[in-house]
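Heads up, the thing below is written out as structure tokens.
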Amino acid sequence: MRLIQALVPSAVRDDVLFALDTEGIDYVTLRENTDEEDSVIVQFPLPTQAVEEVLETLEEAGVDDDFIVVSSIETARTPGLESLEKRFVSGSESDDSIFYEEIRTRALNMTPNRLTYYAMTLLSAVVATAGLLLDSPAIVVGSMVIAPQVSAALTGTVGMVLNDRGMIVGGISSLVGGLVAAMAGAFAFAWLVRSGAIVPSTIEITAIHQVSTRISPDLLSLLIGICAGAAGAFGLATALPVSLVGVMIAAALIPAAAAVGIGLAWNAPLVAAGAFVLLTINAASIVLSGLAVFWYLGYRPDHWVPGDLRGNLARDRLGAIVPAILVLSLVCLLAGGVLFHHVSFENDVNEEIRTVLDNPEYDRLELVELRTEFAGGDLATSYEVTAVIRRPDGVAYPDLVSTLEDALEDRTGRQIDVTVEYVDRDTGANLGDARFDSVNRHADDRGMGGSPGPTAECQERKAFRSPVRSTDT
């Protein structure tokens, strides 16, 4: 519910009051003579959804926007308010969108001061880093709750749709600066944790599930960013609360930023690069999808004329929004190229592994899960593939790793390290990691001789695994 207060000059007072009577709006008038003019202040309650249309009616009646106040109220009771609610809330003219000046104010009110913004960003990055290293989804979610990135992302998006240069620069710069601060904070905290031996420096960070899911961008990750931006726009542009929307936007940004810092602290540049690609895609998609939703809801820059493409694209009208959209689109294009490359590789790997498993000698095996990650080398040529395969209880397939590696390398032309994890068909127990088969095969090819004894490796692995795990030798 909104309370409207408008200063109405005496010259148009009768026209304005007639327009309000025509709309069925109950109002009161207060005489105002500060400027020695016979003006009145007209005030009346309205449903939130009716504000924009009624203000347009007042403007057509001759009211300038020099003095118009729109404030929130809990409730109101007037003779004609019920009919207005039926008309604008549940009737043919119902619309959840809010007045464009109100959306601008809401976006600005969400923005904390610089000290609070960066302090909360660093705190959320530290919590996210701890959650990733502990492999704790609950702690990672907690970091999303305190992250303030929703304000920067939505401020920049609202500035674009309203062509407000100050909001565009302030929002985008705060978003970029916050993410840089989050990556730096995550790196510093992860480095301290590693240097202080709080977490073993030799730990394989890509084996941590919460980390591994943030270092290999895919289409689902892109979908998260798109949905986060769209949800933020809907939450801000309608009468809906936006508190949970902030968690959604943080979910697409903060864990990825923390993964970048962890990769740098563990001297794993490809882990950091994969997480950075995911972070970049999500940040750009949040802003662009939010802009698309605002546009769909009917928000336009001032003086926008429907159908006048040349006039609408004039430099004085869109001088701020066009460069911002071009930069974001370029970012999405470059990061999207890496994403497309990775997704295409995953599809090739998936198809080739299934082709190998279709051979008669592997007809009792079933592919359960497939994971691909960047490995040593560079982003374009080196990958690590993990295949989780269900097999009959205790049956060994010692040549499967080498067969998969040969098939994948022949198809993709890239160096690929294959890991096979078996799941027992009868008990559901994970029976271990056969990656040492691949390592020993490469050692033989280099003339280094066979393995000094897989049994020793088996015992070492079992010391760090669940008791139901063992290595298939």
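Residues in the range 187-211 that are touching a Leu at 6+ places or on another chain (Cβ under 6 Å) and open to solvent by 60 Å² or more (accessible area, probe 1.4 Å): Phe187 only. Just name the residue that is farthest from Leu192 (Cα to Cα) out of those in the range 97-127 that are among the aliphatic types (A, V, I, L, M), open to solvent by 20 Å² or more (accessible area, probe 1.4 Å) and touching a residue at least 12 places away in the same chain (Cβ under 8 Å). Checked the range 97-127; the qualifying residue farthest from Leu192 (Cα to Cα) is Leu108. What residue, among those in the range 34-86 that are among the polar types (S, T, N, Q), in contact with a strand residue (DSSP E or B) (Cβ under 7 Å, 6 or more places away or on another chain) and not in a loop (DSSP other than H, G, I, E, B), is farthest from Arg106 (Cα to Cα)? Per the stated criteria, the residue is Ser39. Within the range 108-119, the only residue that satisfies the criterion of being touching a helix residue (DSSP H, G or I) at 6+ places or on another chain (Cβ under 6 Å) and not in a loop (DSSP other than H, G, I, E, B) is Tyr118. Scanning the range 128-146 for residues that are open to solvent by 30 Å² or more (accessible area, probe 1.4 Å) and in a loop (DSSP other than H, G, I, E, B), we see that the one that is farthest from Thr206 (Cα to Cα) is Leu134.
One residue stands out in the range 352-371 among those that are in a loop (DSSP other than H, G, I, E, B) and in contact with a strand residue (DSSP E or B) (Cβ under 8 Å, 6 or more places away or on another chain): the one that is surrounded by the most Cβ atoms within 10 Å (Cβ to Cβ), namely Leu365.
For the structure I just gave you, tell me whether Thr427 is among the β-branched types (Val, Ile, Thr), assigned to a loop (DSSP other than H, G, I, E, B) and at pLDDT below 50.
Values: among the β-branched types (Val, Ile, Thr): yes; assigned to a loop (DSSP other than H, G, I, E, B): yes; at pLDDT below 50: yes.
Against the criterion (among the β-branched types (Val, Ile, Thr), assigned to a loop (DSSP other than H, G, I, E, B) and at pLDDT below 50), Thr427 qualifies.
Yes or no, residue by residue, for (1) in a helix (DSSP H, G or I); (2) at pLDDT below 80; (3) crowded, with 18+ Cβ neighbours inside 10 Å; (4) not polar (S, T, N, Q):
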site: Ser216; (1), (2), (3), (4): no, yes, yes, no
site: Gly246; (1), (2), (3), (4): yes, yes, yes, yes
site: Ile254; (1), (2), (3), (4): yes, no, yes, yes
site: Ala272; (1), (2), (3), (4): yes, no, yes, yes
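Residues in the range 25-56 that are loosely packed, with under 15 Cβ neighbours inside 10 Å and touching a helix residue (DSSP H, G or I) at 6+ places or on another chain (Cβ under 7 Å) were compared, and the one that is modelled with the lowest pLDDT is Glu37. Remark: pairs (first residue in the range 65-76, touching a residue at least 24 places away in the same chain (Cβ under 8 Å); second residue of a type in the set (Lys, Arg) and open to solvent by less than 50 Å² (accessible area, probe 1.4 Å); Cβ separation under 6 Å; 6+ apart in sequence or on different chains) = Val70/Arg2.
The values are calculated or read from the model by the stated rules, or taken from the named source; none is laboratory data. Note that this is a predicted model, so its numbers are computed, not measured. Heads up, the Cβs are rebuilt from the backbone with ideal geometry, glycines too, and the neighbour counts pull from every protein chain shown. Accessible surface is based on the protein model in full, side chains and every heavy atom, while ligands, DNA and RNA are left aside. Shrake-Rupley method; radii C 1.70, N 1.55, O 1.52, S 1.80 Å.
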